[in-house]
Amino acid sequence: MSTFDITKYLRPGDTVVVGQAAAEPPELVAKLIEAAVCIPDLTALCGYTVSDAWAGATESRPTVKSYVAHGGLRELSDKGLLQLVPWNYSRFEELLTSGHLRADVVLLQVGPPDDDGYYSLGATVDYAVVAAERARVVLVEVNPNMPRPNAARRLHSSLVTASISTSRALAGSPARAPSEVERDVAVKVAELVPSGATIQLGVGALAEAIGWELRGHRGLRVRSGLVGDWLVDLQEAGALDAEPGSCVVGMAVGTERLYRFLDESDIVYLAPITEQISPEAISRDGPLVAINAAIEVDLLGQVNSEAIGDRYVGGIGGQLDFFRACRASAGGMAIVALAATAPSGTGRIVGQLSGPVTTPKSDIDVVVTEWGAADIRACSLSERAEALARLADPRHRAELRASRPNWA
């Protein structure tokens, strides 16, 4: 670790916005957590994290806020040390520009500046530049391993207060191998996606399995807040539309193979979520098929993607943003995909959610498990309940049907 002294740039009470995914600066994060021991009332606002440094945070040293409890933040959540913010992902910029959300200090990992003084934001283009434009201090960790894709935003050196250098490999989040059940779910999801569609997927084992099953499609476009290595699989299979900019994404999280692809391909365009879900752009594309995983779905079609009992393990993220964006697309479809049974043996099609409602019943079109797909768009509540009960493990169906309220 360098001798860089971050304490010179921090004041008591500061809100520090930290880059997410590949834009998360590992050394600066570690120094922030060390500094919080002696500088009171620091708040760190972070997002999708791939750093282990957050495990060193203690109660209010610093206060850690996030919209998601993935990666290194899950341990903090389990300890009760993570403050969750209940915002749809699309609201971040609005909250920053309106001043409701402060950004005193911004920490980012970036690529080296070009001849015009612009740093590449690499594999993450989000609200960070908006925060940097309003911050008192912007500190960057400059890494030559950051890809330099086509992007809607860059960070000019005139905004940067100080920098440090690193050459460490970019952290990623390689997905575990999908289970056989997840592969079965993926097959059923892929059957719902027409060639020529625009897809929103995400990251993780199920997303990778769905991407694998879409390799036989043609002319696919992408609008997605998160992408994984499945994007490269689709390109290598010839499944993606070859038009430059046909894949509009916010963050790429995966292996070196994915980051190298961002550097070399002109079909990928990094842009904030406001551009990803722009109604005008979506209306010009093929049907938007938004595919999101869930922890559980109840018999009304309500979705919980946040908590397992008293453990907060997920987040709101952009799920509802993309599901509602489907309404601007002719033939658009909001799909929830999940295994019918959790590894513990607990059913995931349930009579009543055990956690919060992430997406309401009115925004879901199709639910898919390994037992089938239920198109609930035109169903009454009672018809939904029956259709969704049929997606549960057969061992759970009788109990599910018995749990239905009279009005459903």
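Brief remarks follow.
- Condition met for Ala325 (within 23 Å of Ala252 (Cβ to Cβ) and assigned by TED's automatic domain parsing to the domain that holds Asp375): yes
- Residues that are of a type in the set (A, V, I, L, M) and touching a Gly at 6+ places or on another chain (Cβ under 7 Å), drawn from segment 110-127: Val110, Val125
- Residues of segment 67-88 that turn out to be within 12 Å of the chain's Cα centre (by Cα) and within 24 Å of Ala175 (Cβ to Cβ), as a count: 5
- Failed criterion for Phe322 (all others in (1) closer than 30 Å to Asp285 by Cβ; (2) modelled with pLDDT of 95 or more; (3) surrounded by fewer than 23 Cβ atoms within 10 Å (Cβ to Cβ) hold): (3)
- Residue in segment 160-173 that is under 21 Å from Trp371 (Cα atoms) and assigned to a loop (DSSP other than H, G, I, E, B) present: no
- Verdict on Gly211 being assigned to a loop (DSSP other than H, G, I, E, B) and either among the aliphatic types (A, V, I, L, M) or under 20 Å from Met333 (Cβ atoms) (or both): no
- Within the set Leu73, Leu81, the sole residue that is touching a helix residue (DSSP H, G or I) at 6+ places or on another chain (Cβ under 9 Å), more than 18 Å from Ala21 (Cβ to Cβ) and of a type outside the set (Gly, Ala, Ser) turns out to be Leu81.
- The set of residues in segment 383-408 being among the basic types (Lys, Arg), out of contact with any Leu (no Cβ under 7 Å at 6 or more places or on another chain) and over 16 Å from Leu338 (Cα atoms) consists of Arg395, Arg397, Arg401.
- Among the residues of segment 46-90, just one is part of a helix (DSSP H, G or I), closer than 22 Å to His100 by Cβ and polar (S, T, N, Q), namely Ser90.
- Condition met for Asp126 (assigned to a loop (DSSP other than H, G, I, E, B) and crowded, with 23+ Cβ neighbours inside 10 Å): yes
- Residue that is modelled with the lowest pLDDT [pool: residues in segment 366-408 that are part of a loop (DSSP other than H, G, I, E, B) and closer than 19 Å to Ile295 by Cβ]: Ser403
- Boolean, Gly72 is surrounded by fewer than 24 Cβ atoms within 10 Å (Cβ to Cβ) and within 19 Å of Glu27 (Cβ to Cβ): yes
The values are calculated or read from the model by the stated rules, or taken from the named source; none is laboratory data. Computed from a predicted model, the values in this text were never measured in an experiment. All Cβ positions, even for glycine, are placed from backbone atoms using ideal geometry, and neighbour counts span all protein chains on display.
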